[in-house]
4 protein chains.
Amino acid sequence: MIKAAIVGGTGYTGAELLRLLSRHPGVELAAITSRSLAGTPVAELFPNLRGHCDLIFSDPDPAALAACDLVFFATPHGVAQALVPTLISRGVRVIDLSADFRLRDVGAWEHWYGQPHAAPKLTAQAVYGLPEVNRAEIARAQLIACPGCYPTAIQLGWIPLLEAALVDPRQLVASAASGASGAGRQGRVDLLLAENSDNFRAYGAAGHRHLPEIEQGLNRARPRGAESARVTFVPHLLPMVRGIHATLFATAVKETGGEQLQQLFERRYRDEPFVDVMPMGSHPQTRSVRGTNMCRISVLRPQQRDTVVVLSVIDNLAKGASAQAIQNMNIMFDLDETQGLESPALLP
Amino acid sequence: MIKAAIVGGTGYTGAELLRLLSRHPGVELAAITSRSLAGTPVAELFPNLRGHCDLIFSDPDPAALAACDLVFFATPHGVAQALVPTLISRGVRVIDLSADFRLRDVGAWEHWYGQPHAAPKLTAQAVYGLPEVNRAEIARAQLIACPGCYPTAIQLGWIPLLEAALVDPRQLVASAASGASGAGRQGRVDLLLAENSDNFRAYGAAGHRHLPEIEQGLNRARPRGAESARVTFVPHLLPMVRGIHATLFATAVKETGGEQLQQLFERRYRDEPFVDVMPMGSHPQTRSVRGTNMCRISVLRPQQRDTVVVLSVIDNLAKGASAQAIQNMNIMFDLDETQGLESPALLP
Amino acid sequence: MIKAAIVGGTGYTGAELLRLLSRHPGVELAAITSRSLAGTPVAELFPNLRGHCDLIFSDPDPAALAACDLVFFATPHGVAQALVPTLISRGVRVIDLSADFRLRDVGAWEHWYGQPHAAPKLTAQAVYGLPEVNRAEIARAQLIACPGCYPTAIQLGWIPLLEAALVDPRQLVASAASGASGAGRQGRVDLLLAENSDNFRAYGAAGHRHLPEIEQGLNRARPRGAESARVTFVPHLLPMVRGIHATLFATAVKETGGEQLQQLFERRYRDEPFVDVMPMGSHPQTRSVRGTNMCRISVLRPQQRDTVVVLSVIDNLAKGASAQAIQNMNIMFDLDETQGLESPALLP
Amino acid sequence: MIKAAIVGGTGYTGAELLRLLSRHPGVELAAITSRSLAGTPVAELFPNLRGHCDLIFSDPDPAALAACDLVFFATPHGVAQALVPTLISRGVRVIDLSADFRLRDVGAWEHWYGQPHAAPKLTAQAVYGLPEVNRAEIARAQLIACPGCYPTAIQLGWIPLLEAALVDPRQLVASAASGASGAGRQGRVDLLLAENSDNFRAYGAAGHRHLPEIEQGLNRARPRGAESARVTFVPHLLPMVRGIHATLFATAVKETGGEQLQQLFERRYRDEPFVDVMPMGSHPQTRSVRGTNMCRISVLRPQQRDTVVVLSVIDNLAKGASAQAIQNMNIMFDLDETQGLESPALLP
């Protein structure tokens, strides 16, 4: 039984971790911390957990955390950096759902996040927690940097094409959209229902923090010697709660028909429990993965022209955050990779 | 292992049965029938079930159904009546999610459903599948009439008050609202997203088919000699997918304070795994029960006046249909009553 | 040309006033104030007004306001009380959209709003701005207290029954629901899209500030000597932006059939430009009044029992606030009562 | 006063025409036809028009239509082709909101719409009703082919770049999304609220009928001798009612900074009453144009790379259909181009 704790459990990724871990047979949740809500029962904040979780939010206690086998960080960026080094030195394993250790290039991190990095040395040690790419390293990692939501959907959509050198890495276009839960549980006017229901808009088109993470991942995927990945990434806010849909456009550099593309994707993900290549002609729906760790993907070449289109959907809080964190945990602790992640999506 | 089949699996209650049964350790699903989609894989219609359900819709085959331990009917009203008698005579147990066997009074059924009843004798044999009232009878029943969605939420809200003779049965007001999935999976203009998003309206205010079922249940709950229940019931259509919220008003006939009401409800439902009496001052939210078999209830007496208000929420497809059907199955087959129904709701 | 100003224009009622006044031929908008956004163009905050409104938010300037014919207050409660007395003494006419002058009983106001009233004497002078009741007084008023959103929908639904003494004033039940814009434009977690989409819940069931306003209005409507109105009022939050739906239940004290009720309502509102009695058997939809000053009402007596049901819909920001304010203005300044309020609702 | 009729008024574009024309001072609506609903009052189908429209749906009467100055077709494709020739020969002017006369290339039309064209000769005579491109021709046209919704948003977004030869016409990527009203008012399961709320998906990615219309328009815009436009166009369905958002990607062929792009767009649309170039750094929102004839556009060059991004929003039923039809009418009949189209969008 893994003894685990969650630091910063009052946001949506914390709530999702709690929901999923409450049914995981291999984990005992020892603590969940929140400075602002210390003393409040978890089930008071998240009424879906009444009867499922008896924990009470507590102040972070370094000794108690250090006594765990595993600590999840579900905190805003900048928090994990300050607390992780001590845990690492005590031999605790850490899965960080925030952005703190996602970028190998510390300078890039500091540029995009606008602050100095508090634990730059750990960055090199952190393993990027995308199991479809890094499974072996994850198994032996002490510190996992869990991928961002957009980067998960986008990398899984493009990796087969880049690995096979079928598209030009310099001309990648990602138009993606997220449910409002992706912006977190914070009282901002621009996230109100009254501002976003029956509305659709782009945001961060000039530059979003997930861009360097996406490009870093794609650069790892391309063959040696290939050009660097250059992505134009425009995220949008959907009038709904959960779900990411990435619509990906790339320029083919080889003649490849739709069936070959289909086979390429099916082959690449044949053994992946959480990537589902849809039948040709399908359009994946975000609701088909709601609450699950699944990524559903379609690939096509419209009108037999030279643009390859990939459609990739995940649940931003699940495969895009907390469920993927548990997938990482399962791998790290040598459990069945799908444990606690087997439920199908709610539909309708 | 229970060998089960589903008749009529292309609607939303069928989809919900499939989702829940796919994770139930005690059931083997042998067949799912649909005349219109015979030959189509279930997972093609419901993409959330890809990888979870390999079944193919088939034409109803009486012999195959008769070889099952249990048959669920997830059909429009009128269908089960025609098929159930044969199954019953062969010793198969049946859980009917439709309205066919809910009303003891066959004449009332024929009045409200506008057609002759095809199996009036079976009506007396059918057990109304509300475990919080009928658990012992359900355990030995061969034919279960699964309660309607509104009747479940409303009865669970009022039963403690009626049993305790605290309110006047003749002056009951139920204002309730349902997500659009309650209207089923059918191509009707008035159910389009473009007609219902950002919109709210009552329907069936002059008389809804769930009214006689509600009154029948309340009449069973009142003490001997009490007046007959008379309910004014107005249902509304919510711009959302799942959830029923019942706001119930009754006139107190005894002086009873808020704390006494709270204790009454807590006592009545203390041993019920799927009724959660919320703390005083709470307002239950439909999302807190989404996808689950839970009913969450609050009771209060606003402004210390003589109207008792009960707020009751369920998921119309779950506790209001398919999950309650599985709760019934668990009871009938002497399984743990919560088996396959333990997952907390998705939130947010 | 009426020279008007708006105090507190950054909320939703301010935005709606701006939208409606931008097309009103009889009004020149001289100023719109906001301490927090002084210097910001209105169209930057509300992009729908680009090209329609060149105003810039300004600090409130008493002299500039006093130079206007009319000042609207679209402020939180407590603000108008402090500023209105000076304007009144300078002869400016005032339409207050907040709750500051709605209750005649200053003690009740102080109880429900939890603070001392800063201008108790003006309360007696204020005219309650419900034209269907108070048209003559509105015409000569200097200070209008614009009705709340729920009180507008509920009073218009019940007034014909109370005036005709057809129902028992002591047994009134109002189950009502509002779009999320009713909670205002403020950054609160409980108003996020991620908290409210696909969700429905009651709030303030134990006591909502609109209750005394509703009862005050109903008491004015009942015949002399009738019992005081006692309302049980439960509001709910809808997963949508605009609209109020009130479902009203009252106990008939006289035998009155459905057609008589229909005639009563049609007669009562025959000359009202903004109350539309729907045909018998209809259910009014909130979208049918979106953005308009219309109230649509249906009345029925379900199952020929003794409970009369009224369904009443308005747009909470329009007839429930800003459009009704303009209707009051039109009456006060002897304009055509419908001026600037003629557009039909957007549908779908 | 223009005497006008609408053929096929039971869909959403018909409803929107009725809403807008009901307030247009220069038009008298003589008839609205529907075979299926002949005899039904328009306001019964569309309750927002109660009090605004006394018309009754009637069977199409060729003589009555021929007596009009103008006939709008708000019909499915294939219908106008059959009826327009007679009207044209009688001298009636026609604005067709369907796709029947949008494509110059009759063969392409027959390929994409899968049926023979019934009036191929009229195609050459039809004027494409995009005023920002064709104003002079529209003024003297007898037959207008009103642009599709996606083509309107997309062409207006790209035309300045193509006219200025700043981007490569062969590498155009359009990722666009529409509210569900774009699919029309038809009872299809895949358009239900229960299927689309809290869901997002692409559709028609392999080839959508608007593609040839988009390319035709872009080809007209490019300079002589430039390469043919090749667009990869992926439409998506939004969980909301109205609005189109087009996210457009093009490869710059000249060094052009963000300010130059901004100036280019501002210059191109300086005199256009219905195209609003947003300030640099803005992201247009669909709700800011809801119910209006406005197109709001932002242009940027993310990360100073060589991909130019344009964000373009319209209301699919308004500028994407019925309001644009009225703009065409105003031009054809020498009215003020903005008449009847001046109201700002509803927000929130």
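Summary of computed values
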| item | result |
| --- | --- |
| Average partner coverage of A:240-250, which counts Cβ from other chains inside 10 Å | 6 |
| Per-copy distances of the A:Glu163 label point, shortest first, in nm (7 angstrom along Cα→Cβ) | 4.8, 5.9, 7.6 |
| Sparsely packed GluC sites (Glu not before Pro) within the stretch D:207-306, loop by DSSP, other Cβ within 10 Å at most 15 | D:Glu227, D:Glu255 |
| Mean projected area in nm² (Cα convex hull; one quarter of hull surface) for the stretch B:150-316 | 10.0 nm² |
| Calculated label separations, D:Tyr203, copies of the chain, 7 Å along the beta-carbon direction, nm | 2.0, 2.7, 3.4 |
| Residue and distance (whole Å) for the chain A Cβ nearest the axis that superposes A on D | A:Ser175, 2 |
| For A:206-213, mean number of other protein chain Cβ atoms within 10 Å | 2 |
| Alpha carbon Rg of chain C, scaled by the compact-globule rule 2.2 N^0.38 Å | 0.96 |
| Amide H contacts of D:Gly129 (H built 1.01 Å from N, under 5 Å, at least 5 apart or other chain) | D:Ala145, D:Cys146 |
| Cut-off 10 Å between beta-carbons: net charge of the residues surrounding D:Leu341, Lys and Arg +1, Asp and Glu -1 | -1 |
| Cβ-defined net charge surrounding B:Ala321, 10 Å radius [Lys, Arg +1; Asp, Glu -1] | -1 |
| Charged-residue dipole, Cβ positions (Lys, Arg, Asp, Glu), the stretch A:150-315 about Cα centre, Debye nearest 20 | 160 debye |
| C:His77 long-range amide H proximity, modeled H, under 5 Å | C:Ala99 |
| Shielding by partners, peptide B:172-181 (average Cβ within 10 angstrom, other chains) | 6 |
| Position C:Asp190, label points 7 Å along Cα→Cβ, spacing to each other copy in nm (shortest first, one decimal) | 2.6, 3.5, 4.2 |
| For the stretch D:1-99, the spread of Cα positions along each principal axis, largest first, Å | 36, 29, 23 |
| Only Lys, Arg (+1) and Asp, Glu (-1) charged, at Cβ; the stretch B:217-348 dipole about Cα centre in debye | 500 debye |
| Cα-based Rg of the protein assembly as shown normalised by 2.2 N^0.38 Å, two decimals | 0.92 |
| Computed E for B:Arg104/D:His111 - FRET, C-beta separation, R0 45 angstrom, nearest 0.05 | 0.15 |
| Peptides ranked, highest mean first, by Cβ atoms within 10 Å: ranges D:91-97, C:187-193 | D:91-97, C:187-193 |
| Helix-only [θ]222 nm of the protein assembly as shown, DSSP H runs n ≥ 4, -39500 (n - 2.57) each, per residue, nearest 500 | -8500 deg cm²/dmol |
| Net +/- balance of residues flanking A:Asp190 in space, Cβ distance below 11 Å, scoring K and R +1, D and E -1 | +2 |
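Values in this text are rule-based calculations from the coordinates and carry no lab data. The shown structure was predicted, so the numbers you read here are calculated from the model rather than taken from an experiment. As a convention, Cβ positions derive from the backbone with ideal geometry for all residues, glycine included, and neighbour counts pool all protein chains shown.
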